[in-house]
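Here's the structure, in structure tokens; my notes come after.
What follows draws every value from the coordinates through simple rules; no lab data is involved. This is a predicted model, so every value here is computed, not measured. Note: ideal-geometry Cβ built from the backbone for every residue, glycine included; neighbour counts use all protein chains shown.
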Amino acid sequence: MDYQPVLIQKHARPATAKRSSESRYWRQFRHPVFVKDYAPITSIHFSPAKPHRFAVTSATRVQIYAPRTQKVTKTISRFKDIARSGCIRVDGKLLVAGDDTGLIQVFDVNSRAILRTLDSHKQPVHVTKFSTQNPTQVLSCSDDTTVKLWDVPSQAAVNTFISHTDYVRSGQVAPSNPHLILTGSYDATVRLYDARTNECEMVLGGSSSSSGSAKVPVEQVLMFPSGTVALASAGPILRVYDLVAGGRCTRALSNHQKTVTSLAFDSSASRLLTAGLDQMVKVYDVSTYKVVHTMRYPAPVLCLAISPDETHIAAGMSDGTLSIRRRRPKASDSMDDTPFSADALRAGTYESFLGGALSFIGQGKVKSKVKSRPIGDVDELRVESKRKKRLRDYDRLLKGFKYSAALDSVLRKQVPPTTTFSLIQELIHRDGLRSALSGRDDVLLEPILRLLVKHATDPRFGEMVCDVAKVVIEMYTPVLGQSPLIDSLFLRLQKKVATELRFQQELVKTRGALDMVFASAALALAETSTPIAAS
């Protein structure tokens, strides 16, 4: 009869918070790098073009960081006052930024030269962004309540919108239509402008606080790439507006404790990231708008951005800290960079490696010249030999009746406790537990006692721990006092068992008290429900 391996028993896991696939993905953004600045970080923007450098705006300068090294490669400091909203164009060659004097400047990223100066606003400009569809246009939003669309080559304002009545601190040109502009203001309204008519086409109602009729300023707005849905944050509330349905608010989410300061999409716009003054970053699934992951930061977060290739998450905080989280992409994420591409094969790179066995038919197709030949005769039958399953170390030792060595092999740190106690159960069934525990010195006895101390209160193994502890105490009580380490482990085991007994006694008392309360409540309910006989 063949040897039967040890059957690993499956136990119900303790109730713990399960990590979803979403949480596991976002937890891959690890090894954060913290860069300390002397002023709050007010804006972060990743370049859409590779290598996806990102602009960080703080104090009177805009710094360009390299994503691979997290080091500053360029510093643009030609501002007279606090710089705002450094934004890199879609081709990665130009950068636009405003400042608190109302001046807007367009820079060449490589040479840091000022290419254009747009001087029309009279108060601080908090938003400067290039149009995605029309890279020669720049959107600006100012504290003078105006919104302007600029033509960069002529340095002239193409459109000026004056519908807002308070500071305009957020705005965006629609990703799908260069004529539509979404803005949010401290007058608690979100407005959609059309550059063709120079009019406000839609007002997405005022945001009131929950306690009264006071208006809450709109901090950030964001439009989906399709241009049919808009998001706006006012205070801790995030609202979703359906632009196709006339700007109707379809959802209002309140998952932050303080003001939401930044909104960002991932590369596919399937996940939304929100940052707030409560030092939290929430990740939403936009299909259900449920929070799938939460990240905590050491200070209130003012701005947040995720790289287009989803390898970096950068967050700027009010204390001047810049946090950069990194994720290593899998090999499947970068298929374009694989060496076995059609272009490389066509260039003959692997001709010597493959022995000239490849020929090319058409564009990008590969066909082998070597034909596979059948092995053996046509009528030949091949009988596959049965493969023997290799035994694990503890099974191999058990098979040789080496009980003590088998127990030692499962007392290592990398072995899960379910395997360890399954082997102990097998030793009990074989009547070999005493043989496995006998003849041990303090070095060999230590891991057994540590196992008992660790799992004495585990409901999965508590009964077996008691059985093993009884045998160990019976065998090694006569030699106590010879090793301080073994004596201390025995004392820890005694204290842990005593603590668990007191805890179980308290649970029994609590259960008895609850049973009395439930019984009296059931009796009172029965008396009140009894019909009163007619007199």
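Which pairs break 32 Å Cα to Cα here: LYS389/LYS470; LYS74/LYS122; LYS122/LYS215; LYS10/LYS495? Kindly include the intermediate steps, with their values, before the conclusion.
Numbers: LYS389/LYS470 36 Å; LYS74/LYS122 29 Å; LYS122/LYS215 25 Å; LYS10/LYS495 29 Å.
Check vs 32 Å cut-off fails for LYS389/LYS470.
What distance in nm separates the two pseudo spin-label positions at ALA521 and THR197, each 7 Å out from Cα along the beta-carbon direction?
Simple spin-label model gives 6.1 nm for this pair.
Going by how many other beta carbons lie within 10 Å of each one, how would you line up CYS87, CYS303, CYS466, CYS200, fewest first? Mind showing how you got there, number by number?
Details: CYS87 21, CYS303 24, CYS466 12, CYS200 18.
In increasing order of surrounding Cβ atoms, one gets CYS466, CYS200, CYS87, CYS303.
Between region 235-252 and region 439-461, what's the alpha-carbon centroid distance in Å?
One Cα centre to the other: 59 Å.
Got a sec? How would LEU182, LEU493 order by Cβ neighbour count within 10 Å, fewest to most?
Values: LEU182 25, LEU493 20.
If I rank by nearby Cβ atoms, fewest first, I get LEU493, LEU182.
Roughly how many Å is it from the Cα centre of region 178-205 to that of region 143-170, as a whole number?
Each part reduced to its Cα centre gives a spacing of 11 Å.
Go through 136-146, 395-405 and give me the packing order, highest mean Cβ count within 10 Å leading.
Details: 136-146: 21.9, 395-405: 16.8.
With the highest mean Cβ count within 10 Å placed first, the list reads 136-146, 395-405.
Kirkwood-based Rg over Rh for region 26-327 (C-alpha set), two decimals? Don't jump to the answer; show the numbers that get you there.
On the way: Rg = 17.8 Å, Rh = 19.1 Å.
The Rg/Rh ratio comes out at 0.93.
Ranked from highest to lowest mean number of other Cβ atoms within 10 Å per residue, what is the order of the peptides 288-298, 231-241, 449-459?
Details: 288-298: 14.7, 231-241: 23.2, 449-459: 17.2.
Descending mean neighbour count gives 231-241, 449-459, 288-298.
Over region 393-519, consider all pairs of different Cα atoms and compute the Kirkwood hydrodynamic radius from their mean reciprocal separation; express it in Å, one decimal.
Working: mean 1/r = 0.0622 Å⁻¹.
After inverting the pairwise mean of 1/r, the radius is 16.1 Å.
Roughly how many whole Å is it from the C-alpha centroid of region 14-91 to that of region 257-279?
Each part's Cα centre sits 14 Å from the other's.
For a footprinting-style exposure proxy, rank VAL301, VAL286 by other Cβ within 10 Å, fewest first.
Working: VAL301 27, VAL286 17.
Final ranking by Cβ density, sparse to dense: VAL286, VAL301.
For the peptides 22-29, 278-285, 92-99, what is the packing order when you average, over each peptide's residues, the other Cβ atoms within 10 Å and list the highest mean first?
92-99, 278-285, 22-29
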